[in-house]
Each structure stands twice: as structure tokens, then as C-alpha cells.
Amino acid sequence: MMAVSQAAKLDPRGWREATQSPIVFMAYMNRGREEVSHYAKLSQDLGFAAVGITMDTLRPTKIGDELPLSTKDGKPRKGFAASPKDIEWMKQQVSLPVVIKGIMSPEDARVAVNAGADALVVSNHGGRILDFNRAALEVLPDIVEAVGSRLPVILDSGVRSGGDIVKALALGAKAILTGRPVAWGVGAFGPRGVARVFELFSEEMKRVLCMTGVPSVAEISSKIIIRDGN
Ligand SMILES: Cc1cc2nc3c(=O)[nH]c(=O)nc-3n(C[C@H](O)[C@H](O)[C@H](O)COP(=O)(O)O)c2cc1C
């Protein structure tokens, strides 16, 4: 499954042509409700699996000392306020599941669920928002405990190996997302490089499952994890 940002090149039609995989359209509310609604409805018409909102970009990421320039008007990018009302609004635009990304606390998880979220992505945006934030994996168990019985919780940020995937699943994630490893695969060998990244993840997962005595992914549980203080 691919989660594609509204900030990406092309538009939902281009993404649909580029892959057979299920796609999740990830909106940025700073693009304005009109554009977000248009993209979300188009995504639904094109058979996407879900739509989502990235809620954590209250201030834009700095690269070095610079704010990247907007592709819209060439000026430094701006942040935007994010509110549960955006979730309620998105639920009225489409009948697809609505995924909320950028959740880093049980309190925010509860707010998102009460506003109608259908899945949560625990993510610190790959450390690009606050480089001293807690790791997504660290906050995952508390969020799973708070809302995990009500909806799927997905782990994003910092996944670098099959072992990281097994740990996330053991701590209650229903799935994981990975960002930069995919970009590194593209940079190294194009599409073949991306396939290789996922082959490596898969081989590493098999090795970790074997060494922890877990017969299958479905049987991964917190029993294989020792946490500080436990
Ligand atoms: C160059 C770059 C651009 C990104 N742009 C977006 C974006 O437009 N929307 C979004 O939700 N996340 C964006 N992200 C964050 C990724 O979707 C993902 O959350 C993050 O990379 C996960 O961490 P990882 O790279 O450690 O796997 C971006 C990340 C990078 C490295």
C-alpha cells in the first residue's frame, strides 16, 4: 500500500496510473478545503483505499537554516492549524476510511478517534518536525492502550529493518509505514531498489521471527519484547 502526499508531484490520476497497489491520499489542509475536497473525491472515484490528513505540520520543516519554498507561490512554506473539525469535515467529503497521521500522544489519539478517525498513524514525521521529539515507537504502546481496541494504529518513522517492523507489531501496531528507505531505494536503483528494500525487510523479519520462536507474523505478540522497567 502507498500513502501519497498532496505535496507530491502528479495528482491522484497520475498516482493511479503509476501503481496497481492500494493508495491512500494524504491531504494537507493548508492547500485549502476546496482543493483537498477535490483531491479526496477524485481519490474515491479512482478507487483509492482511504484518504487521510497529515495533522502535524503546524510549522513547516526547516531544511538546514532554510524554509523550503512553496511550489504554489515560490514563497517560504507556511504551517497551518490542525483541528478535530478537519477530521469531521473530511468524513463528510468521502465515504472512504479517514486516516489521521502525526499522532504522538494518547490524548491526541482520543481526540482524533472521537472526531471520527478510522485509523491513526503514530508518526513524528521522521523526526523532521521536532528533531528532539520522542520516537514514534516509544509512544506507540500508550496510544495502542488508549485507542487500539477501537481502530487500527499504524507505526511510521524510524523503521529501518525487519526487526523494527517486528518490534512495532509486537507493541501493537497493525501495520507500519516507511519513508526514507523507499527514497534511498529509488536513489540507488530506481524501482528495483525499492523492491530490494522490501525484500531486505522481509528477509530480516523472517530471521527475527525464527530467532524469537514466533511461527508467523499473525502470532507476533508483546511476549517477545522486554521493555525498560518491565
Ligand atoms: C523529503 C520528505 C518529504 C516528506 N513529505 C511529506 C509529506 O508531504 N506529507 C507527509 O505526510 N509526510 C511527509 N514526509 C514524512 C514521511 O511521509 C514519513 O512520515 C517519514 O519519512 C517517516 O520516517 P522515515 O523516513 O524514518 O521512515 C516526508 C519525508 C521526507 C523525508
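The values are calculated or read from the model by the stated rules, or taken from the named source; none is laboratory data. This structure is a prediction, so every number in the text was calculated from the model and none was measured. Note that we place each Cβ from the backbone using ideal geometry, even for glycine, and neighbour counts take in every protein chain shown. Remember, those area values only see protein heavy atoms, side chains included, never the ligands or the DNA or RNA. Shrake-Rupley method; radii C 1.70, N 1.55, O 1.52, S 1.80 Å.
For segment 196-230, name all the residues that are surrounded by 12 or more Cβ atoms within 10 Å (Cβ to Cβ), under 23 Å from the mean Cα position of the chain (by Cα), assigned to a helix (DSSP H, G or I) and among the hydrophobic types (A, V, I, L, M, F, W, C). Passing the criteria: V197, F198, L200, F201, M205, V217.
Scan segment 18-34 and give yes if some residue there is part of a helix (DSSP H, G or I), away from the ligand (no atom under 13 Å from the Cβ), more than 17 Å from V121 (Cα to Cα) and in contact with a Leu (Cβ under 9 Å, 6 or more places away or on another chain), otherwise no.
Kept after step one, since they are part of a helix (DSSP H, G or I), are these residues of segment 18-34: 18, 29-31, 33-34.
If we keep only those that are away from the ligand (no atom under 13 Å from the Cβ) too, we end up with 18, 33-34.
Add one more test, that the residue is more than 17 Å from V121 (Cα to Cα), and what stays is 18, 33-34.
Applying the additional criterion that residues be in contact with a Leu (Cβ under 9 Å, 6 or more places away or on another chain) yields 18.
Yes - at least one qualifying residue is present in segment 18-34.
Tell me which residues, restricted to segment 180-195, are within 16 Å of the ligand (Cβ to nearest atom) and either farther than 17 Å from N124 by Cβ or open to solvent by 30 Å² or more (accessible area, probe 1.4 Å) (or both).
Here is the first cut: in segment 180-195, the ones within 16 Å of the ligand (Cβ to nearest atom) are 180-188, 193-194.
Matches in segment 180-195: R180, V182, A183, W184, G185, V186, G187, A188, G193, V194.
Determine whether K72 is open to solvent by 40 Å² or more (accessible area, probe 1.4 Å), assigned to a helix (DSSP H, G or I) and charged (D, E, K, R). Against the criterion (open to solvent by 40 Å² or more (accessible area, probe 1.4 Å), assigned to a helix (DSSP H, G or I) and charged (D, E, K, R)), K72 does not qualify. Restricting attention to segment 105-134, the residues that are of a type in the set (A, V, I, L, M, F, W, C) and within 12 Å of the ligand (Cβ to nearest atom) add up to 3.
Take the residues in segment 84-102 that are in a loop (DSSP other than H, G, I, E, B) and farther than 25 Å from G179 by Cα, then tell me which one is most open to solvent (accessible area, probe 1.4 Å). Explain how you work it out, then say what you get.
At the first step, the residues of segment 84-102 found to be in a loop (DSSP other than H, G, I, E, B) are 94-97.
Adding the requirement that they be farther than 25 Å from G179 by Cα leaves 94-95.
Details: V94: 12, S95: 105 Å².
The selected residue is S95.
From the list L155, L169, L177, the one residue that fits, being over 24 Å from I129 (Cα atoms) and surrounded by 15 or more Cβ atoms within 10 Å (Cβ to Cβ), is L169.
Checking the structure you have, find out if any residue of segment 142-159 is among the polar types (S, T, N, Q) and modelled with pLDDT of 95 or more. Yes, the conditions are met somewhere in segment 142-159.
Among the residues of segment 103-121, just one is part of a strand (DSSP E or B) and in contact with a Ser or Thr (Cβ under 8 Å, 6 or more places away or on another chain), namely I103. Just one of the listed residues (R33, R59, R77, R110) is open to solvent by 50 Å² or more (accessible area, probe 1.4 Å), in contact (Cβ under 8 Å) with a residue 60 or more places away in the chain and of a type outside the set (S, T, Y), namely R59. Applying a threshold of 6 Å to beta carbon distances and a minimum spacing of six or more residues, or different chains, the list of pairs starting in segment 129-152 at a residue that is closer than 10 Å to A109 by Cα and open to solvent by less than 20 Å² (accessible area, probe 1.4 Å) and ending at one that is of a type in the set (A, V, I, L, M, F, W, C) and modelled with pLDDT of 95 or more reads I143/A109; I143/V122; I143/V153; V147/A109; V147/V113.
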